[in-house]
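This report refers to the structure that appears directly beneath it.
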Amino acid sequence: MTDIAELDTRQLANSGRVPAPEVMAARATRWGVFYYAETYLRGARAYLSSIVLNAVGTPLLYMLAMGVGLGGLLDRQGTTVDGVSYLVFVAPAIMVATAAQSAFGESTYPIMGGFKWQRTYFGPAATPMDPAQIAWGHLVGVGLRFTAQSIVFWVIMVAFGAAPSAWSWVAIPISTLTALSMAAPMQAYAATLENEAAQFTTIQRFVIMPMFLFAGTFFALGSMPIYLQWIGWISPIWHGSQLARWATYGMTEPWWLVAVHVLVLVALTAVSAVLAARTYRRRLWS
């Protein structure tokens, strides 16, 4: 079977529209981040059906479970959380958490594959493209993918009445930013690995899952014992969930804390992106 990238290359060559080498080099130098983001997204077409199924099926299942199932039982008892129905409370947090966990996975084995198994990074690195552009292009591609996934989730939330605020759409960029704040640190770490020896599964089990379970996703963080609340405080999922709730139903949150949530997510993404770029340069230019 002909590879998609190979087919695209043949079509370009046969079109007679191939730019001159110096023009292509200049474009790679200037737009390398977006070129590699396109490469990432084109590669994702190979499992597009799985992506679509996950993007649509996950929110539907959660909305049915939390809205018609558990949420319905709580509603009949007159129970509310933070002054709203359980579905309204939990839906934005699930939107953020699912995007963050999936984005984490996109920065584990795919990064190892780029360096070791498929070695897909070495072709672009042989062009005028800076290895940092490859690292950042991967993040841009992840961001675009999970923006689309968050839009689908938000639309389904609106259909279920789980996003009552007129500003609920702001949860979409919040979800994307949270996804990047999980993906970027993992990318920076994965790029340092020469061999994979269960590091990813260990991190998933002992770091990511506790962050998800103790990040106030399914219940308010304040209802947990104080000696466990710190897990939520350091979790990007908690910061993203609080912001998403603030956007979707107007959860009461002081402005200084809103700023802290945003700062944590932006700092995690930016610092990790810089570290990843340094590692990509060292490994691909050495």
Per-residue ³J(HN,Hα) for the stretch 190-198, Karplus 6.51 cos²θ - 1.76 cosθ + 1.60, θ = phi - 60°, Hz, x for Gly and Pro:
4, 5, 7, 7, 8, 9, 9, 10, 6
So what are the ³J(HN,Hα) numbers for the stretch 134-148, from phi and the Karplus equation (6.51, -1.76, 1.60; θ = phi - 60°), rounded to whole Hz, Gly and Pro as x?
5, 4, 6, x, 4, 5, 4, x, 4, x, 5, 4, 7, 5, 4
May I ask which residue of Ser49, Phe34, Gly240 lies farthest towards the positive end of the charge dipole of the chain, with charges of +1 (Lys, Arg) and -1 (Asp, Glu) on Cβ and the Cα centre as origin?
Phe34
Got a sec? How would Tyr47, Tyr35, Tyr86, Tyr227 order by Cβ neighbour count within 10 Å, fewest to most?
Tyr227, Tyr47, Tyr35, Tyr86
Over all distinct Cα pairs, what is the inverse of the mean 1/r for the stretch 40-285, reported as the Kirkwood hydrodynamic radius in Å?
18.7
Length-normalised contact order for the stretch 28-120 - Cα pairs under 8 Å, 6+ apart - percent:
16
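Using a 10 Å Cβ count of at most 16 others and DSSP loop calls, identify the longest part of the chain lacking such GluC sites (Glu not before Pro).
After excluding every exposed loop site, the longest remaining stretch is 1-193.
Could you work out the relative contact order of the chain, using alpha carbon pairs under 8 angstrom and six or more residues apart, expressed as a whole percent?
Numbers: 359 pairs, mean separation 73.1, N = 286.
Result for the chain is 26 percent.
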Just to confirm a number: summing +1 for Lys and Arg and -1 for Asp and Glu over residues other than Ala220 whose beta-carbon lies under 12 angstrom from that of Ala220, what do you get?
0
Using the Cα centre as the reference, give the magnitude of the dipole from point charges on the C-beta atoms of the stretch 40-285 (Lys, Arg: +1; Asp, Glu: -1; all else neutral), rounded to the nearest 20 debye.
640
What angle do you read, to the nearest 10 degrees and between 0 and 90, between the alpha-carbon axis of helix 21-44 and the longest principal axis of the chain?
40
C-alpha center-to-center spacing [the stretch 179-214, the stretch 245-266] in angstrom:
25
Fewest to most neighbouring Cβ within 10 Å: what's the order for Thr120, Thr201, Thr178?
Thr201, Thr120, Thr178
Loop-located trypsin sites (Lys or Arg not before Pro) in the stretch 80-180 whose Cβ has at most 13 other Cβ within 10 Å (DSSP):
Arg119
Under the Karplus curve 6.51 cos²θ - 1.76 cosθ + 1.60, θ = phi - 60°, whole-Hz ³J(HN,Hα) for the stretch 53-64, x wherever Gly or Pro sits:
4, 5, 5, 8, x, 4, x, 4, 5, 5, 5, 5
Compute the angle between helix 86-105 and the longest alpha-carbon principal axis of the chain, please, reported from 0 to 90 degrees and rounded to the nearest 10.
20
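Rule-based calculations on the coordinates, nothing more; no lab input. Keep in mind the model is a prediction, meaning the values are calculated, not measured. FYI the Cβ positions are ideal-geometry reconstructions off the backbone, even for glycines, and counts take in every protein chain you see.
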